[in-house]
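Comments concern the structure below.
The values are calculated or read from the model by the stated rules, or taken from the named source; none is laboratory data. These numbers come from a predicted model, not from an experiment. In this analysis, Cβ positions are derived from the backbone assuming ideal geometry, glycine residues included, and neighbour counts consider all displayed protein chains. Just so you know, the surface numbers come from the protein's heavy atoms only, side chains and all, with ligands and any DNA or RNA stripped out. Shrake-Rupley method; radii C 1.70, N 1.55, O 1.52, S 1.80 Å.
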Amino acid sequence: MTDQVMETPPRGGAAAPGGNVQTVLLVDDEENILKALNRLLRREGYRVLATTSPMEAMDLVLEHPVAVVISDQRMPEVSGTELLAAIKEAAPDVVRVMLTGYADMEAAMDAINKGEVFRFITKPWQESDLVATVRQAALQHFLVTENRRLLQVTEEQNQRLQELNARLEEKVLERTRELEDRHRELQELHARLQTNFRDTVRVFVEIMELYDPFLGGHANRVAALARRLAERMGIEGVDLDLVEIGAALHDIGLIGAPKEVVKVPADRLTPAQQEIYRGHPALGQRLLKKIEFLRQAALLVRSHHERFDGQGFPDGLPGVAIPVGAMITHAASYLDGLVHREGVAPAKALERMSGLAGTVFDPEVVRVLAELVPAQAPPRKVVALPLEELEPGMRLAADIKTASGRFLVPRGTRLNEVQIMRLRNFHQVDPIAGRVRVSLED
Ligand SMILES: [Fe+2]
Ligand SMILES: [Fe+2]
């Protein structure tokens, strides 16, 4: 039976821990040894391949999933050591066992020491020893291949994890970029809206200014003072802006009213003028509420003549029902009227207002106002400039009148571009005598 392969199917049993039946390859030139081993190992449940030809053994190793090869040392063509060395080269995972007589013991030991062979079996063998050796060899094969398989699985999983991470990172970055873009767009939109909003308010104030310079100056000063007051009272954010805007537009209902109604204190108006005057808060609200983003400010405008004791107009609201921004505006407007229209010193004006705290004004507002307004105006450096040198932002230290006595802009006004243009236009038709006095500090 030279060169004949004996292959026997497994009969269940010698499976690796992973569950697969393991294959053992037998190589020996003596057929009866092959037969004996074949029988024994089949009984143990291995799938057995057997050949008397070392050349064919090489082919079988490459073609079948061989776990263990058992080779005789002494064969006519090549020695077992040579065959096992060749198998190690071609299929390193195959566990090699040498079958040897006592005479070849030295070669067998040498092969083991060089790592060419896992174990050796001496002829004649004890069946139990042989089975144990083959089992160890098969287990060794299982451990080596299983270890490699697990390593590969781990590597693949790592690889996949890395890819997932990279993709995730990319996704997060992409999403972050999107969010940043969106945020920037919203910020730009918000800024544009804010600008539109402020421009609109500024145009209204300029219209008030064109109608009456005092009214415009009053609007600007009251807006600034009301904002400081509100801030001091703990109002912040959009509510603070709302107070400022409401205060800037509070007297917009006076546009078109007879000049006396604007210039003369309310208690000195005729009944007919009084009636017009008392209509300006509601008229102001009616004008502003047509603009969506001014609707809130319009409410404040409506209530800026309400009194703390409920005796104000147009609604006679009690103190608790009056928006705090309206209370602030009322106080700021009243103080500005006393100081800039009637020429009362700030300290005196505050004294007068303190007497009205709890009736006309919210006592808390008056208290905070007293903290804010310095009793004595700070000393200012006043210079006299020719009309051409006036610049926006300068504050007038004296009223501006034309040579013919026409009153143009009151002292205390902070000049803006529109006013300066208006002054220069007037100057063409009714010259402004001398220089304009402006204060540099403040
Ligand atoms: Fe008013
Ligand atoms: Fe006012």
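Annotations
- Single match in Leu40, Leu26 (criterion: modelled with pLDDT of 70 or more and part of a helix (DSSP H, G or I)): Leu40
- Filter result (among the hydrophobic types (A, V, I, L, M, F, W, C), outside any helix (DSSP H, G or I), within 14 Å of ligand 2 (Cβ to nearest atom) and touching a residue at least 24 places away in the same chain (Cβ under 8 Å)) within segment 226-274: Leu249, Ile255
- Here Ile328, Ile322 are screened, and the one residue that is closer than 16 Å to Val243 by Cα, more than 13 Å from ligand 2 (Cβ to nearest atom) and of a type in the set (A, V, I, L, M, F, W, C) is Ile322.
- Test for Pro281: is it buried (at least 19 other Cβ atoms within 10 Å of the Cβ), closer than 19 Å to Val365 by Cβ and either within 12 Å of ligand 2 (Cβ to nearest atom) or modelled with pLDDT under 90 (or both): yes
- Tallying residues that are touching a residue at least 24 places away in the same chain (Cβ under 8 Å), over 37 Å from the mean Cα position of the chain (by Cα) and more than 12 Å from ligand 1 (Cβ to nearest atom) within segment 289-314 yields 4.
- In this entry, Glu236 is excluded by the filter for residues that are among the acidic types (Asp, Glu), at pLDDT 95 or above, surrounded by fewer than 19 Cβ atoms within 10 Å (Cβ to Cβ) and farther than 16 Å from Ala297 by Cβ.
- Residue that is open to solvent by 50 Å² or more (accessible area, probe 1.4 Å), modelled with pLDDT of 85 or more and within 27 Å of Arg232 (Cα to Cα), where the choices are Glu371, Glu441, Glu391, Glu417: Glu371
- Residue match in segment 163-182 (condition: in contact with a Gly (Cβ under 8 Å, 6 or more places away or on another chain) and part of a helix (DSSP H, G or I)): no
- Candidate set: segment 208-233, residues that are farther than 20 Å from Met394 by Cα, among the hydrophobic types (A, V, I, L, M, F, W, C) and away from ligand 1 (no atom under 16 Å from the Cβ); chosen: the one most open to solvent (accessible area, probe 1.4 Å): Met233
- Residues of segment 62-81 that are in a helix (DSSP H, G or I), surrounded by fewer than 21 Cβ atoms within 10 Å (Cβ to Cβ) and in contact (Cβ under 8 Å) with a residue 12 or more places away in the chain: Leu62 alone.
- Hits in segment 286-329 (condition: farther than 20 Å from Ile276 by Cα, open to solvent by 50 Å² or more (accessible area, probe 1.4 Å) and either in a helix (DSSP H, G or I) or polar (S, T, N, Q) (or both)): Glu292, Phe293, Arg295, Gln296, Val320, Ala321, Val324
- Hits in segment 129-150 - residues which are without any contact (Cβ under 8 Å) to a residue 12 or more places away in the chain and open to solvent by 100 Å² or more (accessible area, probe 1.4 Å): Arg149
- Just one of the listed residues (Leu423, Leu369, Leu387) is of a type outside the set (Val, Ile, Thr) and within 19 Å of Val339 (Cβ to Cβ), namely Leu369.
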